[in-house]
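Chemist: Let me begin by handing over the structure; questions about it come next.
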Amino acid sequence: MSSRPIKRLLRSLNFRLALWYSSVFISSAVVLFALVFIPLRLTFLEEDRDIVLAKLQEYSLQGEQLGEAALIAAIHQEELSNHHNGFIVRVLNHRGNTLVLTLPLGWERADVIHFDLATSLEPGAVSWGELPATDRVQGAEFASRVLPGGIILQVGKDAALRERHRANFRKKFAFILLPAVIFGFCGGFFLASRALRPIRELIHTVRSIDTGRLDARVPDPRTGDELNDLVHLFNGMLEKISSLITGMRDALDNVAHDLRTPATRLRATIETALQAESDPEALREALMDCGEESERLTTMLSTLMDISEAETGVMRLRIKEIDVAELLNEVVDLYQYVADDKEITVLCQVPPTLSVRADSDRMRQVVANLLDNAIKYTPVGGQVSVTARRQEEEIAVEVSDNGAGIAEQDLPHIFDRLYRGDRSRSQRGLGLGLSLVEAVTHSHGGRTEVESTPGVGSTFTLFLPVAGPAA
């Protein structure tokens, strides 16, 4: 088997998560063992000390009440029992000579050569010591006491039984730990695999998109967790990208279509001028036509750039406090001459104290586009009104007319780039004005609404936050 799949498995996030899960599980088991073993060890030690102390008190009482001879006799009488129960009992005279010695099974006199004589003890006091373990014995806890007459009584207990209990506990834990390790790793692998399932499906979707399937989506796991949120965000991003790509394709098609007309006009004008090269007036008129078409192309491209900047959030806005009434009156005055030519009445009704934080140049451009459309599609003798009002934390600016209105099938598309309804194609324009209105309003943190009835008129409403766009 090739080592490449193995290396890939070892480097996979699934394997690492399984390893981390199992490591935490095993570490927790080891910590639990330590938390149980240490108190258990101390409990065993405390029990041994209680047993040794009880045996020491028993022999001390006999030595104090009945004397040295009775004590030695009692020790000899219990020698066999002490031998099997693991007790070390020794009595020494005031010179340190051993009078009697009882050893547990497997012990020899050489094993107790380090037995502390405790000659510095006060009469009646108890001193604890530890006999170190050797290759043959497990060591022992012992207590020493000086009895009346100067004799020293020492009682200890073999640690072999205690160590056997500890060893049994360790063996049982090791026996339990091995399945725990296997269970921990398998459980960790299962949990990691289950937790990473949305990630694998996401990777599969990305690979499908890479092969050209733009309609591929990640299945919804419906778990309600962070990965579920990630799937929703990713699918939402794919939907947005898909709509943007579709919009870009449509925009490119529309741009290509709309640029073809001015380009054709430019070429036709140039060819006409070349044929009339001896006529200065014809050449001058041709140059003016070329300039007009060039201006039309420049305006179209500039407007497309402004819309793109606004939609992507990179448009630079010079936000300041502006007087809404002053701004709207300026725009109305600018278009008053055009309205007078068509005998259209333009009414502007704005409270004098209304203000909003916005980019005055951009908002002037937005209102101008709406007012230009309203005048353009309102018949002779019609009426256009511009109003503004405070609505909670927003400023609502309305531009309404009693013109031709917008067809129902065109209404959902009027803010699309270069979109022009059937009625609007008879009018000269780029099809970018409303797209710019929507984009700039959105960049200010606002929104645009439209109501229209064919043959009755249209009302465009801009809603702008009074405090200005969010940072």
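Chemist: Consider S308 carefully, then state whether it is over 56 Å from the mean Cα position of the chain (by Cα) and modelled with pLDDT under 70.
Modeler: No.
Chemist: For the range 399-407, does any single residue satisfy the condition of being at pLDDT 90 or above and closer than 14 Å to L434 by Cα?
Modeler: The answer is yes; a qualifying residue exists.
Chemist: Give me a count of the residues in the range 446-471 that are within 36 Å of the chain's Cα centre (by Cα), at pLDDT below 90, surrounded by fewer than 16 Cβ atoms within 10 Å (Cβ to Cβ) and not hydrophobic (A, V, I, L, M, F, W, C).
Modeler: Qualifying residue count, the range 446-471: 0.
Chemist: Restricting the range 311-333 to residues that are in a helix (DSSP H, G or I) and modelled with pLDDT under 90, which is surrounded by the fewest Cβ atoms within 10 Å (Cβ to Cβ)?
Modeler: T312
Chemist: Let me ask something additional. Of the numbered conditions (1) within 60 Å of the chain's Cα centre (by Cα); (2) at pLDDT 80 or above; (3) in a strand (DSSP E or B), V100 satisfies every one except a single condition; which is it?
Modeler: So the condition that V100 fails would be (1).
Chemist: Restricted to the range 53-66, and to residues that are touching a residue at least 24 places away in the same chain (Cβ under 8 Å) and surrounded by fewer than 19 Cβ atoms within 10 Å (Cβ to Cβ), which residue is nearest to H94 (Cα to Cα)? Break it down stepwise before answering.
Modeler: Quick first cut of the range 53-66, residues touching a residue at least 24 places away in the same chain (Cβ under 8 Å) only: 53, 55-56, 59-60, 63-64.
If we keep only those that are surrounded by fewer than 19 Cβ atoms within 10 Å (Cβ to Cβ) as well, we get 53, 64.
Values: L53: 22, E64: 15 Å.
It comes out as E64.
Chemist: Here are R194, R200, R222: which of them is farther than 21 Å from Y21 by Cβ and not hydrophobic (A, V, I, L, M, F, W, C)?
Modeler: Values: R194 fails: farther than 21 Å from Y21 by Cβ; R200 fails: farther than 21 Å from Y21 by Cβ.
Answer to the check: R222.
The values are calculated or read from the model by the stated rules, or taken from the named source; none is laboratory data. Computed from a prediction, not measured in an experiment: that's the story for all the values here. Methodologically, a virtual Cβ is constructed for each residue, glycine included, from the backbone with ideal geometry; neighbour enumeration extends over all protein chains shown.
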